[in-house]
């Protein structure tokens, strides 16, 4: 059974708030240095978005006047040990670099074909390592280490958009989901716009158990 409309509306609202996909209606105006210079640690100007195992601080054209002129936005990510950012895509490009700790980046590349998908995974990407995610390419970032990782992601748009997987598949017809997953999952099982998850088989957990 597909999620009910009220439940769908509530879950979608939570997802949009957590991922900061919605843009404020009023654009900022020039107010001096803060229009071009800021501090993502300023929780008043950039309220943190708390997820399970991750803290996000987003700067878009809605908060920073200069970002609107530049056509850019940025996201500061703190990722706890053994935490994965849910697989997702953006309708725009992303350049993300590590400023503290290390992470594992993965991006399947379809090589401009229907079936020739290439695996691209690099572990222990520390400072000043980076990853490039082209538009609409599925990608994921995870922290297998025992210390928090910090990253900065820069986008070539003034406001960030994304789609979480498999959450967005919950919008498909129920029989489509049932058929695709061989009857093991239904729409309600996919209806979890959590944004993060605990990493199975985490290297840090294995090290602590040794």
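Close Cβ contacts (under 7 Å, 6 or more residues apart or on different chains) running from residues in the stretch 53-68 that are in contact (Cβ under 8 Å) with a residue 60 or more places away in the chain to residues that are part of a helix (DSSP H, G or I) and surrounded by fewer than 22 Cβ atoms within 10 Å (Cβ to Cβ) comprise 61/68. When 51, 40 are screened for being at pLDDT 90 or above, touching a strand residue (DSSP E or B) at 6+ places or on another chain (Cβ under 9 Å) and more than 23 Å from residue 87 (Cβ to Cβ), only 40 passes. Residues in the stretch 124-144 that are loosely packed, with under 13 Cβ neighbours inside 10 Å and farther than 21 Å from residue 163 by Cβ: 128 alone. Scanning the stretch 138-163 for residues that are outside any loop (DSSP other than H, G, I, E, B), at pLDDT below 95 and under 17 Å from residue 55 (Cα atoms) yields no hits at all.
Restricting attention to the stretch 164-184, the residues that are touching a residue at least 12 places away in the same chain (Cβ under 8 Å) and not in a helix (DSSP H, G or I) add up to 5.
Surrounded by fewer than 21 Cβ atoms within 10 Å (Cβ to Cβ), over 16 Å from residue 159 (Cα atoms), in contact with a strand residue (DSSP E or B) (Cβ under 8 Å, 6 or more places away or on another chain) and at pLDDT 95 or above - does that describe any residue in the stretch 66-73? Lay out the reasoning, then the answer.
Initial filter on the stretch 66-73 (surrounded by fewer than 21 Cβ atoms within 10 Å (Cβ to Cβ)): 66, 68-72.
If we keep only those that are over 16 Å from residue 159 (Cα atoms) too, we end up with none.
Checked against the condition, which is being surrounded by fewer than 21 Cβ atoms within 10 Å (Cβ to Cβ), over 16 Å from residue 159 (Cα atoms), in contact with a strand residue (DSSP E or B) (Cβ under 8 Å, 6 or more places away or on another chain) and at pLDDT 95 or above, the stretch 66-73 yields no hits at all.
If the condition is being touching a helix residue (DSSP H, G or I) at 6+ places or on another chain (Cβ under 7 Å), surrounded by fewer than 15 Cβ atoms within 10 Å (Cβ to Cβ) and under 23 Å from residue 83 (Cβ atoms), then the stretch 170-199 contributes no residue at all.
Quick check on my filter: what residues within the stretch 42-80 are assigned to a loop (DSSP other than H, G, I, E, B) and closer than 17 Å to residue 195 by Cβ? Give the derivation first.
Restricting attention to the stretch 42-80, the residues satisfying the condition of being assigned to a loop (DSSP other than H, G, I, E, B) are 42-48, 52-53, 60-64, 71-72, 80.
Selection gives 47, 48, 52, 53, 80.
The values are calculated or read from the model by the stated rules, or taken from the named source; none is laboratory data. Worth saying up front: this structure is predicted, and the values here are computed from it rather than measured. Note that we place each Cβ from the backbone using ideal geometry, even for glycine, and neighbour counts take in every protein chain shown.
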